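J.: To start, I am sharing the structure in question, which I have written as structure tokens.
The values are calculated or read from the model by the stated rules, or taken from the named source; none is laboratory data. Note that the structure is predicted; figures quoted are calculated from it, not measured. Neighbour counts run over all protein chains shown; Cβ positions are idealised from the backbone, glycine included.
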Amino acid sequence: MNIHSLHHAPFEGLGCIEDWIKSKGFFLSSLNFYETNILPKLSSFDMLIVMGGPMGVYDEDKFPWLKKEKLLIKNAVEKGKIVLGICLGSQLIAEVLGVKVYKNKFKEIGWFPVSFTEETRNNFFFNSFPQELTVFHWHGDTYDLPSGAMHVAQSEGCKNQGFVLNDKVIALQFHLEVTSESLNEMIIGGEDELVKDTYVQTPEEILNMTNYGIINRDFMFKILNRIEEAFNRENARKIRAF
């Protein structure tokens, strides 16, 4: 599987997703929009990973490359590519699927539980998840659910924490990918946002709860392993048809 990842800030990398890719021996290429905006060809990847960032989907005046990125994501979805979006990535996917992205009532920054919906009980990607899981959040925006999408989870502070569409598009507001190292980078990069609030923890609170990251890693890998299964199954079907 050829995987291409999109990055919006130097402190929001792939985290443990990169560990999984390396363990599988898959080819990984990346585009850092804070350095360049030369887009890859759709034919060059099977899976597109869209990571987080401090900007909003509506900040095209400040970040003109957002228009090009949205077009790439839209084309990838329409071509039936596997698309995984984390945080800002999930919001970009939501917008290109035609729904509104807007400020959430609360900012969520830190370790807070999400509850998975009844629909996930029978979903290929999430049927092994518990009813509730404490995950890492860093977002201030949310979105409506795209037409036909399955609602994945909700938290006390945010109703729409993710969705799945057509078993090809997975969008998550929360960060299952974080590691101790990536958390430190995010805290340094976004320290000005860490003003204690209802759903905003201090850097000390965040770093004292990194044990949840080990649990989250397992669930991130469960999703990625299911993506690999689906990819292999589709490839086998294409070979038989040929």
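J.: Run down Gly80, Gly52 and say which single residue is surrounded by fewer than 15 Cβ atoms within 10 Å (Cβ to Cβ), touching a residue at least 60 places away in the same chain (Cβ under 8 Å) and either closer than 20 Å to Val99 by Cα or in contact with a Lys or Arg (Cβ under 8 Å, 6 or more places away or on another chain) (or both).
T.: Going through Gly80, Gly52 in turn, the sole match is Gly80.
J.: Within the stretch 84-109, count every residue that is free of Cβ contacts under 8 Å to residues at least 60 places away in the same chain, assigned to a strand (DSSP E or B) and among the aliphatic types (A, V, I, L, M).
T.: So the count comes out to 1.
J.: If you scan the stretch 203-228, which residues turn out to be touching a residue at least 24 places away in the same chain (Cβ under 8 Å) and either more than 15 Å from Ile170 (Cα to Cα) or not in a helix (DSSP H, G or I) (or both)?
T.: Glu205, Ile206, Leu207, Met209, Thr210, Tyr212, Gly213, Ile215, Asn216, Arg217
J.: With the condition kept exactly as written, say whether any residue in the stretch 174-191 is in a loop (DSSP other than H, G, I, E, B), within 16 Å of the chain's Cα centre (by Cα) and either aliphatic (A, V, I, L, M) or modelled with pLDDT under 95 (or both).
T.: Scanning the stretch 174-191 turns up at least one residue that is in a loop (DSSP other than H, G, I, E, B), within 16 Å of the chain's Cα centre (by Cα) and either aliphatic (A, V, I, L, M) or modelled with pLDDT under 95 (or both).
J.: Select, from Gly13, Gly110, the only residue that is in contact with a Ser or Thr (Cβ under 9 Å, 6 or more places away or on another chain) and at positive phi.
T.: Gly110
J.: Counting only residues that are surrounded by fewer than 21 Cβ atoms within 10 Å (Cβ to Cβ) and not in a strand (DSSP E or B), which one in the stretch 158-170 is nearest to the chain's Cα centre (by Cα)?
T.: Ranking the candidates gives Lys168 first.
J.: I need every pair where a residue in the stretch 56-75 that is on the phi < 0 side of the Ramachandran plot and touching a residue at least 60 places away in the same chain (Cβ under 8 Å) has its Cβ under 6 Å from the Cβ of a residue that is not in a helix (DSSP H, G or I) and not hydrophobic (A, V, I, L, M, F, W, C), sequence separation at least 6 or different chains.
T.: Gly56/Asp141
J.: Okay, next question. Evaluate the stretch 25-33: report whether one residue or more is out of contact with any His (no Cβ under 8 Å at 6 or more places or on another chain), modelled with pLDDT of 95 or more and closer than 24 Å to Asp218 by Cβ.
T.: yes
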